[in-house]
1. Let me check I've understood the local charge: for Thr47, count other residues with C-beta under 15 angstrom from its C-beta, Lys and Arg +1, Asp and Glu -1. What total comes out?
2. How much FRET efficiency would the formula 1/(1 + (r/R0)^6) give for Ser76 and Val56, where r is the Cβ-Cβ distance and R0 is 22 Å, rounded to 0.05?
3. Pull up all non-local amide H partners of Gln202: gap of 5 or more, or a different chain, and H-to-H distance under 5 Å with H placed in the peptide plane.
4. Classify the stretch 1-106 as rounded, prolate or oblate from the Cα gyration tensor: take a ≥ b ≥ c as the square roots of its eigenvalues, call it rounded if a/c is under 1.5, otherwise prolate when a/b beats b/c and oblate if not.
5. Which cross-chain or sequence-distant (5 or more) residues have an amide H under 5 Å from the amide H of Phe153, H modelled 1.01 Å from N in plane?
6. Amide H to amide H under 5 Å from Asp188: which residues, 5+ apart in sequence or cross-chain, H placed 1.01 Å off N in plane?
7. Using a simple charge model, +1 on the beta-carbon of Lys and Arg, -1 on the beta-carbon of Asp and Glu, nothing else, what dipole does the chain show about its Cα centre, in debye to the nearest 20?
8. About its Cα centre, what dipole magnitude does the stretch 44-96 give when the only charges are +1 on Lys and Arg Cβ and -1 on Asp and Glu Cβ, stated in debye to the nearest 20?
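Since every read-out is calculated from the coordinates, none of them should be taken as a lab result. Remember, predicted model here, so these are calculated numbers, not experimental data. Positions of Cβ are generated from backbone atoms using ideal geometry, with glycine treated the same way; all protein chains shown enter the neighbour counts.
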Amino acid sequence: MPAPRLDVSRIRGITLDLDDTLWPIWPTIERAEAVLHGWLVREAPRTAELLVTPGVLRELREATERERSDLAHDLSALRRESIRAALRKAGEDPALADPAFDAFFAERQRVELYEDALPALQWLSARYPLVAVSNGNADVHLTGVGQWFKGAFSARGFGSGKPQAPIFHAAAASLGLAPEQVLHVGDDAALDVLGAIDAGMQAAWLVRDERPWEHDTQPHITVRDLQALCQALQPK
């Protein structure tokens with residue numbers, strides 16, 4: 001299938017993914033999990049010891065996902081319930097799951113932006129209204145990027161996430177725009193690019209590594225970083 005071409009003249013607003021688009025997610029999660037483990041060592045030592053065993057946390061997460069399919073769109077709730085399951089398994093108070101998750105969540109908001117992210121947010125927000133659209137549980141205000149966004153939609157708050165069309169349509173509608181007037185930018189081929197195209201938007205695939213495109217439907221543009229996106233949006 002031939003690749004569509006980005007039509008800059010149609011763009012009146014931009015929706016942006018967060019994790020792995022504005023900042024790398026795994027260093028953030030690793031730090032947050034280290035903070036969580038430190039909290040458990042102090043407050044629930046048997047649970048901390050249990051979770052040191054390789055594979056236990058993953059097993060608990062998978063079991064929680066199976067048992068609580070109603071929480072599939074809510075990563076915060078799944079994380080909290082996985083902690084609660086670990087506390088029960090270790091014979092400690094499951095009510096500790098709430099403050100334990102709070103410790104994790106606070107650290108999860110401490111992100112380190114990609115070098116190109118801040119200049120791009122400044123450039124883009126001066127020209128287009130921006131809305132965050134994420135399946136993750138980052139908060140644009142707690143992460144320090146809220147000033148550049150007109151709004152934010154998360155799967156947790158909205159009730160469903162990418163690649164389903166409703167969250168994309170809601171983000172466009174929040175700006176008073178039709179989907180075809182919006183460009184969505186994200187790193188995930190299926191969730192971001194295919195989801196946005198199916199919702200009627202143009203889509204930019206942000207790929208910072210050498211991954212090949214593996215789908216028949218093509219993005220409207222592929223960029224190596226957000227600086228390249230800004231260059232592509234400049235009037236010719």
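1. Neighbour charge sum, excluding Thr47 itself: 0.
2. After rounding to 0.05, the efficiency reads 0.60.
3. Residues meeting the criterion, in which the H sits 1.01 Å from N, are Val182, His184.
4. It comes out prolate by the Cα gyration axes.
5. Ala132, Val133, Ser134
6. Long-range HN contacts for Asp188: Val193.
7. 480 debye
8. 80 debye
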